Amino acid sequence: MQYQSFPGVKGSSDSLRKLAALRLPSLAGKRCLDVGCNEGFFAGYAIFDGAARAVGIDRSAAAIRKAQRRFPEAEFIQQSWETLPEGEYELITLLSALHYADDQEALIHRLMEQLSDDGLLVLEISMAPQAEDAWIQVERSIDRRFFPTRRKLARVLEPYAWKVIGHSVNQPGDPLQRYVVHVRKLKPCAYLLMGRPGSGKSTLARKLFKKARVPVISGDAFYQQVAQGKHDAPAPLQELISADFSTASIDSTTRKVFEAGHARDMARLWSASVGYEDFALDTYVPEAFQPAVCDAFAEVGYFPVRMEWGLGEGLMPRQDAEYRADAYAQYLATKRLPEMPLARVTRLARGDAAQQQLRWHLDSPVTGEELEAGAPVMLAGWILTLDGAGGEAEVYLDLPGGREVQAFNKPREDALKHVFGTAESVPVLWQEQPCGFRIEVPVSLLTEGVEIGILLDGQPLPLARVSLEMPDQSDTSGIAGRLFKKLTSRPGS
């Protein structure tokens with residue numbers, strides 16, 4: 001079953017729209033891990049965006065082989081998420097896969113352990129609408145899975161800094177809305193009030209932090225304590241502060257401290273004095289040295305917050321994210337793959353009354369899907385008659401060696417709901433037997449083409465022909481070209 005979408009290959013996931021919805025930061029120079037990578041779409045994007053390393057893992061050997069052929073610059077490993085590739089990563093993605101984990105909470109914590117201190121975990125998940133703190137079992141068209149409520153997700157992510165960024169891209173048949181969640185390691189905050197003397201630092205510290213019971217360090221008092229030997233300061237720093245110290249000369253003492261390069265020493269002393277918890281720092285720091293103080297706090301594990309609210313990179317603007325997704329689509333079209341046979345699905349229209357009573361869909365394969373020589377091809381989908389006519393309904397394949405007939409073998413509640421709306425409207429025939437099918441055939445049989453259709457009381461009604469074609473890798477004006485035209489024609493592009 002084709003999942004990810006590429007130029008000329010339409011999968012069940014609209015991968016380019018999902019990429020834009022994820023609102024990823026710049027990946028230049030970063031190490032990236034995609035858990036449940038499928039055919040490597042997002043690991044390939046990481047390479048495209050300048051990542052230093054992109055790793056994808058998936059349990060499917062076929063998906064890993066396709067990913068390796070499409071993106072040889074990335075690393076792909078066939079393995080489960082019970083063990084993860086060694087090392088730290090600045091970006092980890094787990095997209096539409098958490099519900100397959102036996103222990104979803106444990107998997108999230110395991111991923112966070114692999115995240116660098118400044119890294120980002122991106123989850124694409126669905127949330128059950130109930131109000132309680134619980135995992136809710138939800139029936140999907142293919143199975144039943146557990147999904148967290150919003151309260152459950154909040155409890156699981158409580159040890160971290162996290163935010164629901166917005167909606168992701170739903171797939172047909174999704175019972176729940178998909179969301180994008182960004183998760184980072186939670187660090188203690190150092191709220192830095194570093195303005196000039198008389199600029200209102202102490203008043204702000206009292207109003208904003210003391211009332212909230214956040215410890216406040218007064219720079220004036222702290223320097224006096226260092227001069228008195230009450231903190232374990234390095235000897236050169238102790239001597240510098242102690243020399244001619246007075247409360248009237250703290251401003252000049254402060255400047256000497258930072259001009260002598262003691263920003264890291266001061267950050268360590270301040271942090272240690274509050275036990276490496278959240279605190280506010282009320283002290284003058286000359287403007288030229290304020291970036292060094294922020295860097296020093298970051299080195300000891302803090303999230304430094306300058307009261308000018310310089311919060312770093314932040315979310316990429318939506319328009320920029322969509323532009324990057326379009327640029328990636330054009331990049332994908334230039335990827336030259338080893339020549340592999342591609343599936344070609346052709347609808348067979350007769351136009352008679354019997355065929356007009358049919359509704360059907362071939363889920364697999366899809367036109368443009370890469371097929372592996374020697375591997376079986378899964379023909380899967382569903383077929384319905386609107387009037388429920390036909391005392392006996394079967395699927396047939398016209399193969400080079402003759403006709404093969406099989407009973408429908410897969411219930412498809414999603415198809416019944418799509419066609420008939422309510423259970424009461426479903427004809428008796430489709431209440432009594434499945435309407436879905438899954439049939440494996442050797443890929444070699446598609447060389448001459450395979451006709452697929454439905455037998456109603458022995459009368460064949462052809463629906464589609466599935467065959468093989470070899471890609472023309474010099475031509476991107478066909479399916480891929482039409483895809484790019486569609487992508488770039490949206491308003492504002």
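The values are calculated or read from the model by the stated rules, or taken from the named source; none is laboratory data. All values derive from a computational prediction rather than experimental measurement. Because the Cβ atoms are built from the backbone with ideal geometry, glycine has one as well, and the counts that use them run over all protein chains shown. SASA here: full protein model, heavy atoms, side chains in, ligands and nucleic acids out. Shrake-Rupley method; radii C 1.70, N 1.55, O 1.52, S 1.80 Å.
What are the residue pairs meeting all of these: first residue in the stretch 236-248, first residue free of Cβ contacts under 8 Å to residues at least 60 places away in the same chain and small (Gly, Ala, Ser), second residue surrounded by 11 or more Cβ atoms within 10 Å (Cβ to Cβ) and not in a helix (DSSP H, G or I), Cβ atoms under 9 Å, and 6 or more apart or on different chains?
Here the result reads Ser242/Gln228, each pair linking the stretch 236-248 to a residue that is surrounded by 11 or more Cβ atoms within 10 Å (Cβ to Cβ) and not in a helix (DSSP H, G or I).
Could you check, for the stretch 172-195, whether at least one of its residues is outside any strand (DSSP E or B), exposed (fewer than 14 other Cβ atoms within 10 Å of the Cβ) and without any contact (Cβ under 8 Å) to a residue 24 or more places away in the chain?
No: zero hits.
Within the stretch 22-34, is there a residue that is out of contact with any strand residue (DSSP E or B) (no Cβ under 9 Å at 6 or more places or on another chain), open to solvent by less than 20 Å² (accessible area, probe 1.4 Å) and not in a loop (DSSP other than H, G, I, E, B)?
no
Only residues in the stretch 1-29 that are touching a residue at least 12 places away in the same chain (Cβ under 8 Å) count as the first member; pair them with residues that are surrounded by fewer than 16 Cβ atoms within 10 Å (Cβ to Cβ) and of a type in the set (Asp, Glu), Cβ under 9 angstrom, at least 6 apart or cross-chain, and list the lot.
Pro25/Glu313; Ser26/Glu313
Could you grab me the full set of residues in the stretch 446-460 that are of a type outside the set (S, T, N, Q), on the phi < 0 side of the Ramachandran plot and surrounded by fewer than 18 Cβ atoms within 10 Å (Cβ to Cβ)?
The answer is Glu448, Leu455, Pro460.
Looking only at residues that are open to solvent by 10 Å² or more (accessible area, probe 1.4 Å) and not in a helix (DSSP H, G or I) in the stretch 12-21, which one is nearest to Ala63 (Cα to Cα)?
The residue in question is Ser12.
Which residues, counting only those in the stretch 419-453, are in contact (Cβ under 8 Å) with a residue 60 or more places away in the chain and under 35 Å from the mean Cα position of the chain (by Cα)?
Selection gives Val419, Arg438, Ile439, Glu440, Val441, Pro442, Val443.
Hey, could you check the stretch 155-169 for residues that are open to solvent by 40 Å² or more (accessible area, probe 1.4 Å) and outside any strand (DSSP E or B) and say which is farthest from Asp133 (Cα to Cα)?
Among them, the one singled out is Pro159.
Looking only at helices (runs of 4 or more DSSP H) that fall completely inside the stretch 38-152, which ones have 2 or more residues that are crowded, with 19+ Cβ neighbours inside 10 Å and over 19 Å from the mean Cα position of the chain (by Cα)? Steps first, answer last, please.
Details: elements: 41-48, 61-70, 104-114.
Because the criterion is at least 2 residues that are crowded, with 19+ Cβ neighbours inside 10 Å and over 19 Å from the mean Cα position of the chain (by Cα), the helices (runs of 4 or more DSSP H) in the stretch 38-152 that meet it are 61-70.
Is it the case that the stretch 198-217 has a residue that's open to solvent by 50 Å² or more (accessible area, probe 1.4 Å) and touching an Asp or Glu at 6+ places or on another chain (Cβ under 6 Å)?
The answer is yes; a qualifying residue exists.
Open to solvent by 30 Å² or more (accessible area, probe 1.4 Å) and either of a type in the set (Gly, Ala, Ser) or modelled with pLDDT of 80 or more (or both): does that describe Gly381? Step through it out loud before you land on a result.
Numbers: open to solvent by 30 Å² or more (accessible area, probe 1.4 Å): no; either of a type in the set (Gly, Ala, Ser) or modelled with pLDDT of 80 or more (or both): yes.
When the stated conditions are applied, Gly381 does not pass them.
Name the residues in the stretch 342-367 that are acidic (Asp, Glu) and within 41 Å of the chain's Cα centre (by Cα), would you?
If the condition is that a residue be acidic (Asp, Glu) and within 41 Å of the chain's Cα centre (by Cα), then Asp363 is the only one that fits.
Which strands (runs of 3 or more DSSP E) does the stretch 390-468 wholly contain that include 2 or more residues that are of a type outside the set (Phe, Trp, Tyr), out of contact with any Gly (no Cβ under 8 Å at 6 or more places or on another chain) and more than 18 Å from Pro376 (Cβ to Cβ)?
Per the criteria, 393-399, 402-407, 450-456.
Tell me yes or no: at least one residue of the stretch 243-257 is open to solvent by less than 70 Å² (accessible area, probe 1.4 Å) and within 19 Å of Cys189 (Cβ to Cβ).
No, the stretch 243-257 has no match at all.
State the number of residues belonging to the stretch 355-378 that are open to solvent by less than 50 Å² (accessible area, probe 1.4 Å), in contact with a strand residue (DSSP E or B) (Cβ under 7 Å, 6 or more places away or on another chain) and either small (Gly, Ala, Ser) or free of Cβ contacts under 8 Å to residues at least 40 places away in the same chain (or both).
So the answer is 2.
Let me spell it out: the conditions are (1) hydroxyl-bearing (Ser, Thr, Tyr); (2) within 40 Å of the chain's Cα centre (by Cα); (3) open to solvent by less than 30 Å² (accessible area, probe 1.4 Å), and Tyr223 meets all of them except one. Which number is the exception?
(2)
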